[in-house]
Each structure stands twice: as structure tokens, then as C-alpha cells.
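Read through the structure below, which is laid out as C-alpha cells, and then see the notes.
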């Protein structure tokens, strides 16, 4: 299972308030920046099974309250990716049972009743007058047979079958680790969807506040125009700004609903279920950690790495099994039952046989099996080595992203504070007639941009911590602790 995480969105937002202001003043709509979608976090296409689910419940009247822990619990029950991974684990266990059947005794029971009529002359026997001595008249003979029997067969020594069973055991362990890895991915999917909804709701709150501010500016411009203190252009400019903010609010509201539907699909809830998220996930700096410590923990606990390690062991055993096809095998067979011409005159009979089978010429089959198993083994080893390198890369990238996002949060917080002060001063200057409302509109644009930057940087920091937990192989345990916090304060205005 491969999971390529790209963090280009950590540098999506640049400080371009001036250019944004120019676009707004010209009447164009500057769409609210939305963090990357869940499908972009899980796969390059939009068909990842982890973005779907098996329907869990019917539509529940009223509004559900869902915390991070509730969401993770529902995802681990109903997410499609986990359901499919569980079926794969069952298939591995079924394959092990099939290999086990090759080395344990096979017991069969039988009961037969037969009636025969034969012509000895047709069979090539001409008994002549002596036929009467055997009860044969006219060359025809009739007889019956009753047989009740239990038979057993077992390969006592078959290294080919034994190594195949060991390989199947390793495959089962690999499947179990893959299932654990699927749980980690489901936790990532749930956490990412949860955070996306929180970010979208925060953007909706910011867009609502922006519209309120724009409406206040429009009323002030109209009052000043009515009093003869400002030209009509100030009123028109304020109305344009208000309409642009209204369009952004519509976009933000639509984005919230789409992100909520995505979360419900991940959790297995009906798409029209009403709910509210109770965990707002505030900003919390990551405690100091060393990259070497995280790497050692990841190699010891990441289920996808452990699964691939078991696949390497399975491939090694399969190669041994292929090589063992050249070796003799020892088998034992026997039966015990009653045999007679009629159920009333049956006698116990039994057979015991031991034999050795030595392969002499297989027409190249053994060599072909060995070469094929060797190729598989080299592939698995190469994949394991590559995964180790990718784990190192994932951890290094995640640590860099956490650090960068933490700095962005601090910068965005300061920028937001400055933007608030700028807006207050520009509104006071406009109300006092010192300047026109271009300065106020620009301050509003700068504040809206600062709000977007703050929301996006906060999301970036939280999702970076989510992906660091996934890189360590402890997503479920870590995220329940990191994300299960009290509600964060609303965006500053």
C-alpha cells in the first residue's frame, strides 16, 4: 500500500493583499482558498476506497454531535478501504488453510454395495465341465460385494509442502499488518476530512464577518453621501465591495456543505445527515522530537513496513519450497474396514503402505519454479528497501512541514492583528473625512487575506501533525490524543 503525500499547499498562500484589493475594486470575485481535498491527500485520483464507506445507519432526526474520537470510531467501522482490507486478510487465512491441508492426514469414509454379473467366456476363461464346480452355469456368474471402509493418506516428509505452509503463515501475518496499515490510513482520512470541515467552517465564519464589515462600510458611505460629505463614487465602491463579499460568502457556504458530505461519506453516514463538530482542534506546538528517534519507532511499528518484511519472509520460504521440489517425499497410506459378499457375512480387512517418491525428470518445472520464486524474492526485498527510504523521506518532510506551518501560524497571527488595527484606523479616518473609502476597502481586503492565511496555516499545521503521526505508524493512538481537544476560538476579526 502506497501513500504519496504532497505538501505543496503549505506554500499556497502568499502575502498579496495589494493585488487582491485591485481585483476586488474592479468588481471581480477572489475565490476563498480551500485546502487540498481528501482525495489529493489519499491518492492522485478520486477513486480511493478510503474516501468511501459502507452505509452505516439510516438518516437520524435532529443534529448529531461528532467529536474527533467519534469520527475515528465510525471510520474504523464503516470505511470502505478498511472493509476491503479485512476481506484481503480473510483470503490470506483461507490460503493458509489450503496449504495446511497438504501436510495433515486426509481421512475418507466409504460404504458400497455392489452386484455383479459376468460372463467368464467373454472374459477369456473357458472352464468347460469344471465350471459347475465353481457354481457357474452357462458361463455366467453372479456375485455381490459389500464394503465399509475408512481410508487415510498423509505425506510424512514433504519439505515442499512444509515450506509452502510456512510461507502462507508469513502471508497471513503480512495481511494482518496490512489491515493495521489500512486502519492507519482510515484514521488519516477521517482526521483530514474532519480538519477540512473545520477549515471550511472557519472560512465561512470569516466570510460572514467580511460581509458584515462591508455592509457597515456601505451604510457609512451612503450616510456620508446623503450628508454631502462624500461623492457617489465612494458609495458605488462600497456597494461593489459588499456584493463581492456576498459572492464569497455563497462560495464559502457551498464549500462547507461539500466538505461535510465528504466527511459523511468517509464515516458511513447519510449525506443529508445534520451534524455539528464538537472538536475544533486548536493550535498546539509539537513537542521537541528527534528525527532519529521517530525513524526507529517507525521501523519498529509502521504496519506497512512490517507487512512488507513478512512478504519478504514469505518469498524466501516460497523459494525454499520450490527448491524442495527436487527432494524425495515420504508418504503413508492405509485403510480399515469390513468386506464381504453380504452385510451379514462381512470380515474386517486393512491395508498399510508406506512409500517414497523421488522426482527424476520434471521437464524443467522445478527450475522454472525456483527462478520465478527468486524473482519474486528480489522484488520484495527491493520494495522493502524502497519503503524504508520513503519512510525516512516521509518523516523528514513531515518534520519540516510541521516546523514551517508553526512559523506560518505565528506570522499569520501577527498579520491578522496588524490587519485588524489597519481596518479600525482606516474606518476612523473615513468617518472623519480625512480620506475616501479606497483606504477602507484595501484594509478590508488585507484583513480578509490575513484571515484566509491564518485559517490555512492552522489547517496546515494540524494536517502536518496528522501526517507525521502516520509516518511514525501510530496515527490512531496519536491523533486521538492530539486532535481530541476542546473547541478552538473563532477566527479573530
> So which of 317, 308, 327 is within 30 Å of residue 468 (Cα to Cα), touching a residue at least 24 places away in the same chain (Cβ under 8 Å) and in contact with a helix residue (DSSP H, G or I) (Cβ under 8 Å, 6 or more places away or on another chain)?
Replying inline: 308
>> Take the conditions buried (at least 21 other Cβ atoms within 10 Å of the Cβ), under 30 Å from residue 229 (Cβ atoms) and modelled with pLDDT under 90 and apply them to residue 448. Does it pass?
In response: yes
> Are any residues in the range 296-308 buried (at least 19 other Cβ atoms within 10 Å of the Cβ) and in a helix (DSSP H, G or I), and if so, which ones?
Replying inline: 298, 303, 304, 305, 306, 307, 308
> residue 271 is checked against (1) in contact (Cβ under 8 Å) with a residue 12 or more places away in the chain; (2) surrounded by fewer than 22 Cβ atoms within 10 Å (Cβ to Cβ); (3) in contact with a helix residue (DSSP H, G or I) (Cβ under 7 Å, 6 or more places away or on another chain) and fails just one. What number does that condition carry?
Replying inline: (1)
> Within the range 309-337, how many residues turn out to be part of a strand (DSSP E or B) and surrounded by 16 or more Cβ atoms within 10 Å (Cβ to Cβ)?
Replying inline: 4
>> Looking at 257, 242 in this structure, which one is part of a helix (DSSP H, G or I), within 30 Å of residue 85 (Cα to Cα) and either modelled with pLDDT of 90 or more or not assigned by TED's automatic domain parsing to the domain that holds residue 468 (or both)?
In response: 257
>> Pull out all pairs, ordered by first then second residue, where Cβ-Cβ is under 8 Å, the residues are six or more apart or on different chains, the first lies in the range 281-302 and is more than 19 Å from residue 405 (Cα to Cα), and the second is modelled with pLDDT under 80.
In response: 297/474; 301/474
>> Which count do you get for residues in the range 260-285 that are part of a loop (DSSP other than H, G, I, E, B), closer than 15 Å to residue 60 by Cβ and touching a strand residue (DSSP E or B) at 6+ places or on another chain (Cβ under 7 Å)?
In response: 2
> Of all the helices (runs of 4 or more DSSP H) wholly in the range 1-108, which have at least 1 residues that are at pLDDT 80 or above and either under 30 Å from residue 464 (Cβ atoms) or outside the structural domain of residue 406 (by TED's automatic domain parsing) (or both)?
Replying inline: 68-78, 80-100
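So which of 184, 225 ends up being modelled with pLDDT under 90, out of contact with any strand residue (DSSP E or B) (no Cβ under 9 Å at 6 or more places or on another chain) and within 30 Å of residue 313 (Cβ to Cβ)?
Exactly one of 184, 225 is modelled with pLDDT under 90, out of contact with any strand residue (DSSP E or B) (no Cβ under 9 Å at 6 or more places or on another chain) and within 30 Å of residue 313 (Cβ to Cβ), namely 184.
The values are calculated or read from the model by the stated rules, or taken from the named source; none is laboratory data. Because the structure is predicted, anything quoted here is derived from the model rather than measured. Here Cβ is always computed from backbone atoms with ideal geometry, including for glycine, and neighbour counts include all displayed protein chains.
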